[in-house]
Each structure stands twice: as C-alpha cells, then as structure tokens.
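J.: I am attaching a structure below and will ask some questions about it afterwards.
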Amino acid sequence: MRVFRLNVNGDDLEVAAPAHWTLLEVLRYELGLIGSKQGCDKGDCGACTVLLDGSPVLSCLRLAATAEGHAVVTIEGLMPMHKARGGDGADVVQDAFDRCGALQCGFCQPGMMLSARALLNENPKPTRGEIHDALAGNLCRCTGYTQIVQAVELCVAEAAGVEPAQPAWSADANGKKV
Amino acid sequence: MLRLPKFELEEPATLDEALALFAEHGSDAMPIAGGTDLVPNMKHRLFEPKVVVSLARIEALTGIRVTSGGELEIGAMTTLADVARSSAVQERAPVLAQAASLIAGPQLRTMGTLGGNVMLDTRCQWYNQTHFWRTSLGYCLKKDGTECHVVQGGGKCVAAASNDTAPALMTLGATLVFQGPTPPGESKANLREIAIDALWKADGIVNKHTEPGEILTAIRIPAQAAGHRGAYGKLRDRGSIDFPLFGCAVRLDVGTDEAVTGADICAVALVARPSHVKRIEDELVGQRVGSDDFASAVGRVAELAYKQCRPMDNSPGDADYRREMVPVYVRRTLHAAAQGAGPVHHV
Amino acid sequence: MAARDIHGPAPPWGDEFQVIGKPHRKIDGLAKATGHAIYADDIQLAGMLHAKTLRSPHAHALIRSIDTSQAEALPGVHAAITGKDMPVRYGVIPWTPDENALAVDKVRFIGDEVAAVAAIDEDTANAALELIEVDYEPLHAYLDPVEALERSDPLIHDTKKQTNVSKHVHLDFGEVDAGLEAADVVVEDDYSFHGSTHAPIEPHCAVAQFGADGLLTLWSSTQITHYVHRALSSVLEYPAQKIRVVQPCLGGAFGGKSDPFSLEFCVAKLAMKTGRPVKMLWTREEVFYAHRGRHPMRLHYKTGARRDGRITAIDARILIDGGSYSSFGLVTTYYAGQLLTGPYDFPAYRFDSTRVFTNKPPCGPKRGHGSVQPRFAFEVQLDEVAEKIGMDPIEIRRKNFQGSNTETVNGQRVTSNGFDQCLDKVETASDWKTRRGKLPYGQGLGVAGSMYISGTNYPVYPNKMPQAGIQLKVDRSGLVTVFTGGNDIGQGSNSVVAYLVAEELGLAVEHVRVVAADTDLCPVDLGAYSSRVTFMVGNAAIDAARKLRAQVVEAVAAAWEVAPQRVRLIGGHAIDLEDADRGIELREAFHLAEEKFDTLGSTGSYNTPTLGGDYRGGTIGASPAYSFTAHVVEAHVDTETGRITARKVWCAHDCGRALNPMLVAGQIEGSVYMGIAEALLEEHDVNRFGLHAGPSLLDYRMPLSIDTPEIEAFVVESIDPEGPYGAKEAGEGPLHSSIPALANAIHDAVGIRLRELPFTPGKVLRALREKQAPAGTESRAAERV
Ligand SMILES: Cc1cc2nc3c(=O)[nH]c(=O)nc-3n(C[C@H](O)[C@H](O)[C@H](O)COP(=O)(O)OP(=O)(O)OC[C@H]3O[C@@H](n4cnc5c(N)ncnc54)[C@H](O)[C@@H]3O)c2cc1C
Ligand code: SF4
Ligand code: FES
Ligand code: FES
C-alpha cells in the first residue's frame, strides 16, 4: 500500500492504494468519482480521459501514485469550476452537449467532454478539422459524432457571439422550423 | 477491470537514483516512461516486473534543445505531443514531427514519450493479447511458448517494430544516449552514445541491443543538410489510434538547384527491425525535384521498396495488401518530402 | 386494453403540440453530462465481493471434471460455482433453451463460461481462477458454417434432428418461378455479409445483493429487465416474487444486452451463496466473447423484373452462421426473409434460410436484427436490375414503391409509409439528378431503401397480456411520476415517455419524473428490442396520461361548474377556454382531482392488434407499423490504395412523427455511422484456431470522429394512425440501407460491384483489377450457399 496525495478537482487528498492501481481505479473505487468511465482499460477507447495539468490523459494507463503533484480534473470538476468562475449551472461544454442531443447513452461522454474542454481552453476557435483531431482519441458508439461536433461548434459560436449552423433535420419534413 | 500485476513502484527524482535502483534490482526492474506501452503489456501479463521505476520525476530527461552546433537534443521523457508541436523539431526534423503527430491518439501522445517510443516492444497479433487469449492459443516463441504462428515452423520471432518515430530518427541519422549504472569503484557516468541504426537487431523477442539497467536519456539529431526535407507516410485502418500497418520515413537533401544530393528511406512495421530501403540514392541523387525524371526515379525507388519490404502476418489485416501499399506510400511520401509537405496519411 | 383504439395522431388538445416535435433536452442529459448518472459499475455496496469467470480455452470440448477446491481454499475467496450449481437451461427465446449460466458438460466456443469465483477483490478472484482445474476432452471444432451444415458428427447441440442446424425456414409466397420466367431481366448472384459486434462503450456489469429476508436484487446492464427477471427465477429455481431486477443507467447496448447473460446468474448465485453483495464487471475481451452480434450470412438472390422496372419475383437462399448458441436465432432466421417485403411491392417471393451452429461466439440481434444482411444483398441486386434496364436507381425504387395502407406479399399489414418522401428528400439534398453518374472517376453516388419494424406482435413468450404497461403517480407538488418497465438504453425512451405525459397533462417536462426498468416498481414492459419502445411504451404512456387527464379535467370542471370541454390543461395550468381570467395551477387542479377521486394515479397499456400472415411464423416480423428509410451515399475511391471514403451520407427516415426531432436525428446519425463502420472497418471473426481475431477496441476498428462521414439526417413524418401521436421507430431502420447505398455509390464511382463485405481496400483493389482484366476471364462467384 502506498500513501500519496492527489489533487483532484482542486481538493488535495491523501490516498492509500496499492502501487499497481491505476488512476482510474483510484478515482472510481477509492474516491467515488465514478464519472470517469472504463470502456477498455487499456488505452483504446478514451472513456477514462481526465485532465492532468489541463491536458487530456487516459487514467486507465496512468499509475495512480505517479499523478501526485499534478492537478487532476474529472468530469465532476467541471460544474463546480464553472460555478466558481461565476457561471450558472453546468459548464458550457456540458450544457452544449445536452442541448445538442449528444448525450445518448452518455458513457463515452465524460471523456469526450473533457477532451473538448481541453481543446477549447487551448484554442477557443477551433476549426472542424481541429475538433476532429482533438476528439480522435475518444470512441463513441451511439451518436455517429455528429451531435458531439455540433455541440463543440455551438460552444465556439456562442463564445464568439455568432449564430450556430443549423442541422439538416431542424427544418423538418414539412419545411417548418422546429 | 483488466488488472495490473502487483509490483512495487519507485519514483526517483534523479537519474542517479534511478540507475541505483536498476543496479539493485537487476532484471526484476523495468523503467516506465509514459506507460502507454508498458501498462497495456503488463495488463496482458507480457511483462511482470517486480519493480517499476518511473522516470517521470527526473526533470533532466525532459526538454527539446538546439545546441550551438545546430544539433537537436531531445530528452527521452519528452512527450510525443511536445515533439510534434515543437517548432524546432518541425523546422529541423519535419519527418520526426510528422511521425510523432500520427502516433496513437491525442491523449496517448500527451502521455507517451519519445524515449518510450524508441524503446517500444515489438508487436504481433499473436502476442499483444490478454493472458487468457494467449493461454488458449498455447502461447508463442516470444513469450511462454515454443512456436511461431507467423512463420509456421520458423524458429525466430518476427514480431514487428511498430514505433513510428524509429524510421524517422533513422533517416535523420540520430544517435541515442544511454546511461547505465556506474560500476562499483568507478565515478564517471556510464554513458554510451550509439547510432540509432546500431540499436536494432533482427530478433522480434527483443529487437534492441541494450545493456542491463541502462536508461535512454536523450535522442540527438545532427544538424541536417542545408536543403533538408523530410516526410512521414503511415498506412493504417483508422484516422487515429492505430499502430502503423506500414510506415515510411523519407529524407531528401536538395541543393539550391533543386537537385537531390542525398536521400534515405526507412520502413517500419514489417519485421523486428526497422530498415533502410537500399540503393535509393543511385536513383535519386542528381534528379531535380519536381521534374519528370525525378518522378520516374521515384517510381523506381518505389519498386525497390516493394522488393525489399515484405509485410508479414504479424500485424492484423491483410499482409498482401500491406505489401501492395509499400510502393504507393513510398512514392507518395517521397513526393510529399520533395514538396515540403506531408505527412502522408489517409485523413 | 386495446389502447390503440383511442389515441389518434392529433395533439391531445386539438390544435398544436406544446412539447412534442420540439428539440427538448433529455430528462437525464445533465446527469450524464456531469458524471452523476449511475451505471452498473458505479454501484458500490458495503462488503461487496468481486466475481470473475473462468472461460474455456477450447472451441469445442467435453468437460470431464472441474475441481474448484484449491480455488475455494485460497484466502479471500468466498465461493466458487460451476454449471452444476445452476443446471437449468435458458434461452431468451423459450423454444430454444440451450444455454447454461456456466457450462455443465460441454463448452462450445473459446470464451464459453465454465466457472465463477467471488472474492474480496478482483486480484484474488483472478488468482483463484488459475487454481481451478478443468479436465477437457477436445472435440472437432466447426469454424465454417458450410462444414457445420454438411457434417453432424460431432453435434454442437443435441438437436432433435441430430444436425448442426439451429433453425430452418422456408416460405413461399406467390408464383416465384412463373414470375422469374415472365421477367425481362433476371439478376442472380451471391453475396456475403460478415460478422460485426455491438461494442457498446460500457462493458457488461451486474451487481447482486441477497437480503436476509430472501430478497434477491440484481442491478444489471441489461436492455431486457423483464426477461432477465424470468430467466433468473427459472435458472436459480427461486420464486420470481423474491427477485428484483433493476437496470441502472445503461452505457449503450444496440442489441448486445438483450439476452440474459452468464454474469447475471453468477452474481445472483454467488450473492445467495455468500450472503454478500457481489459484482461482476466484464473486461472488454469478455464482452467480445459474449457477442450476440450480427450474423455472418451467405446469401444467394435472384430477382426478376420487367422492362418497366417492376419486380416480378425474388428468390432468396441464405445460410446463417449462428455461432455456438441459439440466442434470438429462431427470430433471426425468420427476419432474414420476412423483413424484405417493403418498401417495395412484388407479387412473388420465396426465401429459404438456414441457421447453423458453429463453435464461435454466439450471434444474436445487432441493430437491424436479421434484416441488414438481406437488405444489402437485395438493394445491390436492385441496383443491378436498374442498370440492366437502363433506369435511374431512384426511379426503379419509386416504381416499385408499395404505398401506404397495403399488405405485403407475405401478408404483413403496412399502414403509414413515407418511403416516397424519403426518396425525394435524399434525391434533392444530394443533388442526385445533376451529380449521379456524372462525377469524376473515383467519386460516385448510390441510393438504397429499406424498412424496419416498430415492435413486433410476437411477445417472445406466448401471452395475451399487454406488451407495455405504464403507471402514473401524482404528487401534491404538481409532480407526476411515470413508472415504466421500458429500458432506456441511451436512445432516450425515458425522455420520450416524459414528453408524452407532459403533452397530455399540459405539464412542463421538468415536472415529470420517470422511474424505469425496475421490476419491483414498474409495470411489465418487454424490453428494448425490435424497436418497440417508442411505439408501445409511448402508446401506453398516452393511455395512462389520458385517463389521469380525464379525472383532472372532470374535477376542475366540477369545481368551476362548467362543462369539461371548457377545461384545458396547458403550460402548467388548467384554464377555462371560455373565460380568459379563470385559471389555476395544475398543482391545484391535481388537488381538486385528489379531493374528488381519492389518491390519484392511473395505468395505461399497449398491445398490438392481431397481425401477421396466416401461416407458421406469420407473426414473426408482423409489426403494428413499419419505418422506412432512404440513403444516398457519396463515396470516394482512392483507386491506388483501394481505400473507400464515405464522404457524405444523406439519410431520410420516416419515423411517423418525430416526438423529438433532435433525438430522431441522433438515432439516424448513430445508425448511419454504425452501418458505414461495419461496411468499411469492423470485422468480428475468429482466426484459424477459433480464437477471436482481436477482442479489443484496438483491433476491432470502430471509427473515430475523423473516420465518420458527414451525415445529413432528414426526418420524414408519415404520421402513423396507430403510433403514439403517429410515431414509429427510428433506432434501427436507418442503419439498413446505408450499406447497400455505399456499395452502389462505389459502383457509380469506379464501376465495380462489391458483393462481399466488408469493403476492405484489398478487396477493392482486386475488384478493380478484375474489372480491367479482359472480358471472359472475369470469374463470377460460383454457388456457395
Ligand atoms: C491504443 C494505442 C495506440 C498506439 N498507437 C501507436 C502508434 O500508432 N505508433 C506508435 O509508435 N506507438 C503507438 N502506441 C504505443 C505508445 O503509445 C507509444 O509508442 C509511446 O511512444 C510509448 O511511450 P511511453 O513513454 O508511453 O512508453 P512506456 O510504455 O513507458 O515504455 C515503453 C517501453 O520502453 C521502455 N522505456 C521507456 N522509456 C525508457 C527509457 N528512457 N530508457 C529505457 N527504456 C525505456 C519501457 O520499459 C517499456 O518497455 C500506441 C499505444 C496504445 C495504447
Ligand atoms: S512473430 Fe508473433 S507469433 Fe511469431 S514468435 Fe513472434 S510474437 Fe510470436
Ligand atoms: S478505459 Fe482508458 S482508454 Fe479505454
Ligand atoms: S453516447 Fe453512448 S457511447 Fe457515446
């Protein structure tokens, strides 16, 4: 058993876990931060993505103890951080994903939203190509990615104060706008 | 979960401490850098070290530096993401920046290191599998077994070098700086600098010549010729994540008159060692980039590559198809290099 | 009960919908967005043990003996179980119970479950598995379905007929031979469809708890709570009243969680044995072994048509590789033939489909169960018919359009049908008329159409009870809670139920809470399969809400001393249509109703009308409504690398009415993605040893966002007379025609007909070379079926 400190979502915590535990295992099963998901446990899917010092990493491949001294942000951290900055409700990325219908089963989405959050932190006006590149380590099995990309583009458009592009379906069968 | 085997973790803050740990634990210890190769491999029970020594806290191993001689020195622990986005690397060694940018996916490039990529274990579809899977198979030569399933009846492992930066570094004539535990009684650092070409051996079980307990500390890339151009081409199924099904790195030295003065091509994801495509300078040197003659020389080089590169059933997928793609990717990558473009990749 | 009689597709209050048809958020969206939603593996109970499964390393073997004593002796191990502990067989289709929770005497594929262990943690459980000794006697393993068809020694299952055939169906409608005779053109060919799997991002997980009172609770990532409940009771030989099955938030399913699975029985049994909660979380590799994915099929089709494009007859022969167990295979074998009979009308049809067992992971229902493969073969063939008679591929599909309110050749009733509008949509959006056949070499457009069921009147186990039930409960705060047995698997069915109830009661969506998929709390629903949820649960929800609404309206009318027709529930209020000043909050209206009628609540249900052809199997594939889809795909072919890119996909889907167009679009987009993925990248197969070729999300190549085509989804609303406000399904239909449309686009781009999936670059290059080879040397596929 190793005792070490983790800084998770701004909290400095003392953790005791065996050396062979991954960060994902410690987050989920020791700290109860079950928002980080596991889809493959070996680096192939991106569901376990968390931010480490602001960059997206795969917590299933990171030995937990080696995260000491770094700032970890999980999906649970976004709303409180948004509120602390004076925001209302969920983080704009989370809200946009919800508004765009991107949260189908939702299982890939904590990882996906953190990848998106990291992208927007670094590059508030990504092109569609840059969005695809930034999400290229996160598998989603439900959405066909369309509403995910729309959600990120919605964040970009709203931050820039421009009208987001409307999806094809929004003018329905009878040509009326919904 | 796919659990890791039990081990002790050490996190030395200095290289000396790390080397002392290797001296102490010998072959029971393994270094871990980003862990993006070692952790899945340990989860698959391909490696079960008693002690895992993380190099992550050794600050001296990280960073990209241009020396006064115009040499690029990249610490082994520098992440692939940093290598890919470094303007120094992009300018001086575009092929390396391109290769690094196509490795795995964004999170893995943030975690994975250049040193870890050089030191990557070879890969094979019969080997990179869970313990249960390999038990059902009856194992193979590389680990726990006696047979090879790629070359049936063969006595040698041909698992593929699958590290994208290896061929890039080879075309650049990079050298590798290793440091080993200081032998008792000595005080001088036990340093060894070798050409990257000298690292490889044609054995898929371990495809590198290394000394016990030594750590790769830095990768040095000499200043390239004035008209240096480079590009990387990578064949894979998806636009991200996948290891190469074939990778080729190209170096072209181009004079002020646009004539080629030197060239090199290295291929990866074939057999255990990444390799140079031979006799290509005979075709390319003297040709003016962009001319018809250059184009036909490129065609001949592609044929040479086709003859010399034989993908095997070590990687998943269709080996015949991969072979067919060798000349296509070599040609496209040569043209990309000539134009100062690249990487060559389907998305 | 026949709720279908009373709703119509019209808005409940006569003029406009308040909630329906708008892109509302999902009711659980923010919980999922913030990481608060609880999935099965998020459940942590005090004292919980962790269980692991020992699996067979042999593809086919007898089990001579199993010794678990050393495992049980390992410190930290609390129990070990084998097939002997649960010898009762089960199967999701009650006629074919051929599975055991753990193998009893035999294993049938590499990965088959043999024993399970519960221990203090996963590491200990894994260590214990290594100590279990199993003595196997290996048998010949069948990896090729043709061999399994021809050979019967050894048998994979002890079938009645002593063959390896899992199911055979032969049905004949109309004069097929005469129709083919009378045709001006006949196209005949072989097609092959490979296996693929669901690979939801959430691996299967189950947690069981056994109380001192004998109550067994199972939380499981299932899409069929009710069937799991029944199966648990039967396999555990334990009364169903003492079992509660709960589906927590589900991380994707696509049909891959619609069988009862070994882990559910094992955690239950282990919890009962140890008196402690037990969890089992499958690794990704184990999910691949559980499979139940798309059946590989070898299909032989013969289609005749007149010069004017009308189809005269279709003759189909299909060999289905079922893998090692029946699963839904009986239904698959029917669906493979039964679901081809729209959106086109043809007078004669025959199909002969045979499902055989092989020693591979069992196949089952993947999105578009049973009908995606035949649809591919037929739509590619139809394209060839069009080519032969020189007709535009969209035109030939229009020409054969069956129309609405009709009956198919196999006796299925078709009500609403917006397929013609789907064709119009994709034709216009893709600029088909000016671009198809005219793009530069290497680029092309292709079209295909399809239909799918919105539920089926075949309720898996025969009974006349409702297929879907709903209960409503009213709180004095103005909150309405809906109890539904329906399984929300990410498609948003709980949200849909909330929208419907909100619409009926004039409530804001946030004032409707949904409690779902809990057998203790919710009325029975059969589960999320066959695209039945929106249609059936939706109708039941309207039924229940209408009953409640009548009480509320009556109570308000009585209090106001006006005729009930004057009272309207809207925007969270009850208002008087004739007196603009009179209005109360719904909360108060509920109080009036509670005073008048006692504690409020209502139930609603749905059952299908009598449907189906009058022949054996005629109810399988009989649906109260069918959805229709048309795709146009734009494909680019790199003729040097053989790589195909689906650049853009236009998909128009007739979902009856879009209860929430954003969710419908999400289903369309997800379906298109999945179809193109299996056409180009994904392949689920075993290698020469019978081992799964790559049971990981690295080797099983699922597209990332960069690999996914740009998708334009169009919603066509044909307003079904029996659907909830006219709605039909949207979750599975839009996958079907994406694959043949891609194949047809490749033909338009480079002139090759790909009849064998997946369309790997190697195959494309071979086909391109064959095409360039001199005429006569081209070898058309010989009979293989
Ligand atoms: C899903 C997935 C996809 C991937 N795709 C690609 C790909 O496309 N191309 C590719 O090249 N790689 C790929 N990788 C592999 C890996 O991510 C990269 O190769 C990465 O660069 C490895 O670096 P690391 O720091 O994580 O290495 P580690 O895993 O930490 O180490 C790798 C090996 O090198 C040894 N080692 C590490 N550092 C040193 C050192 N300084 N001195 C001595 N020995 C050392 C370790 O002991 C270990 O044996 C992929 C991995 C995954 C999980
Ligand atoms: S090539 Fe592959 S199968 Fe052969 S010995 Fe090496 S790892 Fe094993
Ligand atoms: S769970 Fe970490 S990448 Fe899949
Ligand atoms: S929303 Fe289900 S996997 Fe992405």
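J.: Choose one of B:Thr256, B:Ser275, B:Ala295: the residue whose Cα lies farthest towards the positive end of the charge dipole of segment B:241-304 (beta-carbon charges +1 Lys, Arg; -1 Asp, Glu; about the Cα centre).
T.: B:Ser275
J.: Once the other residues with Cβ under 14 Å from the Cβ of B:Met111 are scored (Lys, Arg +1; Asp, Glu -1), what is the net sum?
T.: -1
J.: Taking 7 Å along the Cα-to-C-beta vector as the label spot, tell me the C:Asp308-B:His209 distance in nanometres, rounded to one decimal.
T.: 8.2
J.: Continuing with this model, one more query. Normalised by the empirical 2.2 N^0.38 Å for globular proteins, what value does the Cα Rg of segment B:229-341 take?
T.: 1.04
J.: Expressed as a rounded percentage, what relative contact order does segment C:1-126 have, with Cα pairs under 8 Å and six or more residues apart?
T.: The normalised contact order for segment C:1-126 reaches 30 percent.
J.: Which loop trypsin sites (Lys or Arg not before Pro) in segment C:82-156, with loop taken from DSSP, have no more than 16 other Cβ atoms within 10 angstrom of their Cβ?
T.: C:Arg89, C:Arg151
J.: Solvent-accessible area per residue for segment B:1-58 at a 1.4 Å probe radius, Å²?
T.: Here the residues of segment B:1-58 average 38 Å² of exposed surface.
J.: Determine ³J(HN,Hα), in whole Hz, for all residues of segment C:341-357 in sequence, where each value follows from phi through the Karplus function 6.51 cos²θ - 1.76 cosθ + 1.60 and θ = phi - 60°; x replaces Gly and Pro.
T.: 8, x, x, 9, 10, 9, x, 9, 7, 9, 9, 9, 10, 10, 9, 10, 7
J.: Could you give the accessible area per residue of segment C:92-220, probe 1.4 Å, as a whole number in Å²?
T.: Spelled out: the 1.4 Å probe surface of segment C:92-220, per residue, equals 38 Å².
J.: Please report the relative contact order for chain A, taking Cα pairs under 8 Å with a sequence separation of at least 6, and give it as a percent rounded to a whole number.
T.: The value is 20 percent.
J.: Give me a single rounded figure for C:107-116: the average over its residues of other chain Cβ atoms within 10 Å of their Cβ.
T.: 1
J.: Could you work out how much longer the chain between A:Arg128 and A:Glu14 gets when fully extended? Use 0.36 nm per residue separation minus the Cα distance between them, nm to one decimal.
T.: So the chain would gain 37.0 nm between A:Arg128 and A:Glu14.
J.: A further question on this structure: Can you list the trypsin sites (Lys or Arg not before Pro) in segment A:54-144 that are in a DSSP coil and have 12 or fewer other beta carbons within 10 angstrom?
T.: Hits after loop and neighbour filter: A:Arg85.
J.: Using only Cα atoms, tell me the angle between helix B:15-25 and the longest principal axis of chain B; keep it within 0 to 90° and round to the nearest 10.
T.: Long axis of B:15-25 versus the principal axis of chain B: about 60 degrees.
J.: Between C:Ala31 and C:Asp581, what's the calculated FRET efficiency when r is the beta-carbon distance and R0 is 56 Å? Round to 0.05.
T.: 0.90
J.: Give the relative contact order (percent, whole number) for chain C; include only Cα pairs under 8 Å separated by 6+ residues.
T.: Once divided by the residue count of chain C, the mean separation gives 17 percent.
J.: Just the number, please: carbon plus sulfur as a percent of the accessible area of the protein assembly as shown, 1.4 Å probe, no ligands or DNA/RNA counted.
T.: 49
J.: So how much accessible area does C:Trp219 have, in Å² to the nearest 10, using a 1.4 Å probe?
T.: Rounded to the nearest 10, the figure is 50 Å².
J.: Calculate, in whole percent, how much of the Cα-Cα pair population of segment A:2-75 lies beyond 20 Å.
T.: Summing the P(r) of segment A:2-75 above 20 Å gives 16 percent of all pairs.
J.: Right, next: Over all alpha-carbon pairs of segment B:1-58, lay out the pair-distance distribution in 10 Å bins, whole %, shortest bin first.
T.: Spelled out per bin, shortest first, that is 25, 54, 19, 1.
J.: Given R₀ = 60 Å, what would the calculated FRET efficiency be for C:Ala508 paired with C:Glu130, taking r from the Cβ atoms and rounding to 0.05?
T.: So, using R0 = 60 Å, E works out to roughly 0.60.
J.: Follow-up question, since we're still on this one. In whole Å, what are the extents of chain C along the principal axes defined by its C-alpha atoms, from largest to smallest?
T.: 88, 72, 48
J.: What Kirkwood hydrodynamic radius, in Å, does segment C:194-348 give when the mean of 1/r is taken over all pairs of distinct Cα atoms and then inverted?
T.: One decimal place: 18.1 Å for the Kirkwood radius.
J.: Show me, for segment B:43-57, the HN-Hα J-couplings you get by feeding each phi into the Karplus relation (A = 6.51, B = -1.76, C = 1.60, θ = phi - 60°), rounded to Hz, glycine and proline as x.
T.: 4, 7, 6, 7, 10, 10, x, 6, 10, 10, 10, 7, 9, 5, 8
J.: While we're looking at this one, here's another question. Let's see if you can work this out: charge +1 on each Lys and Arg Cβ, -1 on each Asp and Glu Cβ, no other charges. What is the dipole magnitude of segment A:2-75 about its Cα centre, in debye to the nearest 20?
T.: For this selection, approximately 160 debye.
J.: Apply the Karplus parameterisation 6.51 cos²θ - 1.76 cosθ + 1.60, with θ equal to phi minus 60°, to every residue of segment B:232-240 and state each ³J(HN,Hα) to the nearest whole Hz, in sequence, with x for glycine and proline.
T.: 10, x, 9, 9, 7, 6, 9, x, 7
J.: Percent antiparallel among DSSP beta bridges with both residues in chain C, to the nearest 5?
T.: 80
J.: Go through C:Lys242/C:Lys279; C:Lys32/C:Lys366; C:Lys399/C:Lys425; B:Lys142/B:Lys278; C:Lys473/C:Lys547 and tell me which ones have a Cα-Cα distance over 21 Å in this structure.
T.: Pairs exceeding the cut-off: C:Lys32/C:Lys366; B:Lys142/B:Lys278.
J.: How far is helix A:146-160 tilted, in degrees, relative to the longest principal axis of the Cα atoms in chain A, given as a value from 0 to 90 rounded to the nearest 10?
T.: Once rounded, the angle reads 80 degrees.
J.: Follow-up question, since we're still on this one. How many nm separate the modelled label positions at C:Lys464 and C:Gln44, each set 7 Å beyond the Cα in the direction of the Cβ?
T.: Taking the two extended label points, one gets 5.2 nm.
J.: Which GluC sites (Glu not before Pro) in segment C:472-568 sit in a loop by DSSP (not H, G, I, E or B) and have at most 10 other Cβ atoms within 10 Å of their own Cβ?
T.: C:Glu561
J.: While we're on this one: Count, for each residue of C:652-663, the Cβ atoms from other chains sitting within 10 Å of its Cβ, then give me the mean as a whole number.
T.: 3
J.: In a shell of Cβ-Cβ distance under 15 Å around B:Arg65, excluding B:Arg65 itself, what net charge do Lys and Arg (+1) and Asp and Glu (-1) give?
T.: Residues near B:Arg65 contribute -3 overall.
J.: According to the Cα gyration tensor, what semi-axes, each the square root of 5 times an eigenvalue, does the equivalent ellipsoid of the protein assembly as shown have, listed from largest to smallest in whole Å?
T.: Each semi-axis is √(5λ); the values are 50, 37, 32 Å.
J.: How large is log10 of I(q)/I(0) for chain B at q = 0.11, 0.12, 0.15 Å⁻¹ when the intensity is taken from the Debye formula with one equal scatterer per alpha-carbon?
T.: Evaluating at q = 0.11, 0.12, 0.15 Å⁻¹ gives log10 I(q)/I(0) of -0.72, -0.85, -1.29.
J.: How would you order C:230-237, B:162-169, C:562-569 from highest to lowest mean count of nearby Cβ atoms within 10 Å?
T.: B:162-169, C:230-237, C:562-569
J.: May I ask for the net charge around B:Pro181, where only other residues with Cβ less than 13 Å from the Cβ of B:Pro181 are counted and Lys, Arg are +1 while Asp, Glu are -1?
T.: -4
J.: For the pairing of chain B with chain A, what total accessible surface becomes buried, with a 1.4 angstrom probe, in square angstrom to the nearest 100?
T.: Roughly 2500 Å² of accessible surface disappears when B and A pair.
J.: Something else now. For peptide A:86-98, what's the mean number of Cβ atoms from other chains within 10 Å of each residue's Cβ?
T.: Counting Cβ atoms of other protein chains within 10 Å of each residue's Cβ and averaging gives 3.
The values are calculated or read from the model by the stated rules, or taken from the named source; none is laboratory data. Every value quoted in this text rests on a predicted model; they were computed, and no experiment measured them. Glycine gets a Cβ as well: all are built from the backbone with ideal geometry, and neighbour counts include every protein chain shown. With ligands, DNA and RNA removed, areas are computed over all heavy atoms of the protein, side chains included. Shrake-Rupley method; radii C 1.70, N 1.55, O 1.52, S 1.80 Å.
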